[in-house]
Amino acid sequence: HFPLNQYSVLAELRVGDCLYEKADFISAVDAYQQFVRLHPRHEELDYAKMRIGRSYFKQANRIPAKDQTYTEMTLSSLDDFEERFSDSDYLSEVQDMRAKCRARLSRAEVQVGDFYFWRKSYNAAQRRYRDLLVDYPESPVVGRARYRLGVCLVQLEQPDEGEAVLRQVLELHPDTLQSRRAQRWLTQIEVDRAAAPATGDVNGSQPDGG
């Protein structure tokens, strides 16, 4: 009834809020996205962008092994938030949301790597671990990924590269289960290397532990 009134613009945004509070997140995203398209310079644009990300985040599966499409959509929707809205009141909330999404995706990646690792498909596993180290260097599971990457390389008869990665585990993740296991592998590599001229086996016995 009052399309030219200043409050009609805010009403569009609050429609999205109503849908969000009703947990109709798909419709809420549509409402917020329409607001962003129609009012790209509005003072509450950062709020609308944050709520788009939050609406996707609410739909994301918390179990890393499950489909993480909405987690990826959350990150995509917030991709340039820090750059565009560096002074936003919602910056810390967005950063927290992004951190949780990235941690969840990194856990999903390491679980796929572990799936191949325990089935001794070391080539497939090492690719997943490498991707995780590049894409999610801050992940809480990066130590596990780096250690198992080193093991994969040793098992793929690349002991020199595997040794280098395992030494990184000792340096970057000291006093962890992975560092203790990495040390056992390094000791075994030295034993195998010393025995190689006599036996021809440079990748013989294996230490315990995954």
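No lab work stands behind these numbers, since they all come straight from the coordinates. Here the structure is a predicted model, which means the values were calculated and not measured. Positions of Cβ are backbone-derived with ideal geometry, glycine not excepted, and every protein chain shown enters the neighbour counts.
So which lysines can K22 reach, going by Cα to Cα under 26 Å and dropping same-chain residues fewer than 8 places off?
Answer for K22, where 26 Å is the Cα cut-off: K49, K58, K66, K100, listed by chain and number.
Once the principal axes of the Cα atoms of the chain are found, what is the range along each, listed largest first in whole angstroms?
91, 31, 24
Stokes-Einstein diffusion coefficient for region 65-189 at 10 °C in a medium of 1.306 mPa s, Rh from the Kirkwood formula over Cα pairs: what value in µm²/s?
101 µm²/s
Quick one: which of 159-170, 20-31, 75-86 comes out on top by average Cβ neighbours within 10 Å, and what's the full order, highest first?
Taking the mean over residues of other Cβ atoms within 10 Å, the ranking is 159-170, 20-31, 75-86.
Put +1 on the Cβ of each Lys and Arg and -1 on the Cβ of each Asp and Glu in the chain; which of T176, Q34, Q6 then has its Cα farthest toward the positive end of the dipole?
It is T176, whose Cα lies furthest towards the positive end.
How large is the charge dipole for region 85-130, taken about the Cα centre, if only the Cβ atoms of Lys, Arg (+1) and Asp, Glu (-1) carry charge, to the nearest 20 debye?
580 debye
Taking +1 at the Cβ of each Lys and Arg and -1 at the Cβ of each Asp and Glu, which of M50, T69, P137 sits farthest along the dipole of the chain towards its positive end, judged by Cα position relative to the Cα centre?
It is T69.
Relative to the longest principal Cα axis of the chain, at what angle does helix 91-118 sit, 0 to 90 degrees, rounded to 10?
Computed tilt is about 40 degrees.
Quick one: angle between helix 25-38 and the longest Cα principal axis of the chain, in degrees between 0 and 90, rounded to 10, please.
70 degrees
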